[in-house]
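Shown next, in structure tokens, is the structure this report addresses.
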């Protein structure tokens with residue numbers, strides 16, 4: 001009997017973007033839920049997805065976290081409720097206090113920075129422009145820090161060009177932390193040209209992780225046949241990575257949650273694949289994608305680094321720090 005020779009797999013170079021995946025704010029939020037479960041036991045409630053990733057949410061649900069959209073879904077008083085990394089309006093904090101819930105705020109410190117900036121501008125009598133995407137929980141949380149009408153949302157350069165403030169000389173802007181760096185720069189430039197006295201943040205609001213991941217994609221996009229962003233559809237920073245890839249010369253880019261979502265017809269005749277992950281996506285999903293391609297191609301992986309991202313750490317909320325948790 002003659003054994004047939006296995007067919008030779010096509011060659012595939014995978015350019016792995018660095019940095020990618022979890023940022024310090026996401027690590028802090030996930031660790032907060034896990035520490036709360038260890039300290040207080042089940043159930044621990046989480047308002048909204050702790051981060052925008054289905055794999056992460058399901059993993060925490062299996063450990064005993066219960067995810068709700070609003071506090072009235074929590075049946076008991078005096079139980080832990082964790083607020084997601086995206087931040088919440090002040091009204092939610094007040095509601096938790098009235099319910100006597102043990103509120104643990106896992107809001108990313110860089111989002112909290114934007115909240116504080118908005119509050120300072122408001123105290124100084126300025127009308128505030130928030131550059132962001134309507135309906136995103138971070139935007140809802142930021143607008144909810146101040147009385148209704150204090151913050152005006154601008155989503156595009158066209159909206160910035162049409163924006164009419166109450167007083168052009170008492171104006172400030174803040175931004176959502178997960179936006180496209182280039183899009184935001186265009187919007188800010190439009191506002192500054194129209195309103196030269198507009199006040200801005202001392203340090204830009206778009207977070208370091210969003211900026212760094214976009215920079216890595218910009219380096220890879222022009223030299224690959226396709227690029228995959230591992231992340232959830234409702235993840236703003238992941239969506240922006242896909243857009244950045246397409247704008248910087250990548251002929252085909254897709255946002256996928258995991259390997260099972262790959263449409264192989266779209267990745268047939270490629271020789272070079274770019275691969276990155278949004279700030280809420282764990283590295284295990286990147287490895288899963290590489291393994292899926294390795295089953296069909298002879299894969300060689302090369303890391304393309306934009307910036308060294310190390311040593312960034314955010315302290316956990318007081319209620320879940322070792323030795324400081326309420327018993």
Over the stretch 179-327: Kirkwood hydrodynamic radius from C-alpha pairwise inverse distances, Å: 17.5
Radius of gyration and maximum dimension Dmax of the stretch 7-156, Cα, Å: 18.6, 71
Debye log10 I(q)/I(0) for the stretch 110-194, one point scatterer per Cα, at q = 0.12, 0.17, 0.21, 0.24 Å⁻¹: -0.30, -0.63, -0.99, -1.29
Relative contact order computed over the stretch 110-194 (Cα-Cα under 8 Å; 6+ residues apart), in percent: 38
Cα Rg over Rh - the stretch 1-73, Kirkwood: 1.34
Sum of -39500 (n - 2.57) over DSSP H runs of 4+, divided by residues of the chain (222 nm, nearest 500): -11000 deg cm²/dmol
Over the stretch 210-249 - Rg/Rh using Cα atoms and the Kirkwood inverse-distance radius: 0.93
Relative contact order for the chain, counting Cα pairs under 8 Å that sit 6 or more residues apart, in percent: 26
Radius of gyration and maximum dimension Dmax of the stretch 167-242, Cα, Å: 15.1, 49
Residue 116-residue 189 pseudo-label distance in nm [points 7 Å out on the Cα-to-Cβ vector]: 3.1
Gap separating the Cα centres of the stretch 18-51 and the stretch 120-186, nearest whole Å: 28
GNM top mover of 138, 302, 49 - the chain, alpha-carbon springs below 10 Å: 302
When the convex hull of its Cα atoms is projected in every direction, mean area for the stretch 33-76 (nm²): 3.0
180, 84, 59 arranged by Cβ crowding within 10 Å, fewest neighbours leading: 59, 180, 84
Proportion of all alpha-carbon pairs of the stretch 227-280 beyond 13 Å (%): 55
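Readers should treat all values here as calculations from the given coordinates under stated rules, not as data from a laboratory. In this text the structure is predicted, and so the values were computed from the model without any measurement. Using ideal geometry, Cβ is built from the backbone for each residue, glycine included, and neighbour counts are taken over all protein chains shown.
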